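A quick write-up on the structure given underneath.
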Amino acid sequence: MAKSLSDMLADLSTRAKEAETSAAAARNEGSAKLMQREEQIKATAQRRKQELQGAVTDARGNVTSAWSGMTGQVQSNIEQIRSQIEAKKVEHDKSKAIRHAEDAEASAVYAIDFALYAIDVAESSVLDAVTARENAEARQAA
């Protein structure tokens, strides 16, 4: 393992703070700057997805299938939401624009809720890993 689990959780915390700062700054930026940032974020997300897929490929047994299934489902959900958002971008009617904004906000809430869930799962997995390592070391010492 290249990084310790604790370091990886610290990276997660740092990335969450960056997302918070970015979202707060978005209200003060023009649409061109927002689209540029969105493209950067999408590229980063794609890179992370590929890294995760590589890690999953290297993993063993149930871990591989469980994480592959989850990442596939999340990607499918994200693409469906993006497709709906793209379709709504072409609508110019004020009430439709308001609904579009509400849908985009609801999507953001869902994504944040999912991220919080993922953090809970990550924390639980870290604790499981620590326990498993302690058990392995205890058995090795015996």
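The values are calculated or read from the model by the stated rules, or taken from the named source; none is laboratory data. Computed from a predicted model, the values in this text were never measured in an experiment. Note that we place each Cβ from the backbone using ideal geometry, even for glycine, and neighbour counts take in every protein chain shown.
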note = By residue number, the members of the range 117-134 that are basic (Lys, Arg) and closer than 19 Å to residue 13 by Cα are none
Residues satisfying the stated conditions in the range 10-37, i.e. β-branched (Val, Ile, Thr) and either more than 21 Å from residue 117 (Cβ to Cβ) or more than 20 Å from the chain's Cα centre (by Cα) (or both) = 21
key: Subset tally (residues that are loosely packed, with under 11 Cβ neighbours inside 10 Å and either in the same structural domain as residue 75 (by TED's automatic domain parsing) or in contact (Cβ under 8 Å) with a residue 60 or more places away in the chain (or both)) for the range 96-130   = 0
task = Sort out which residues of the range 50-82 are of a type in the set (Ser, Thr, Tyr) and at pLDDT 75 or above, and write them in order of number.
result = 76
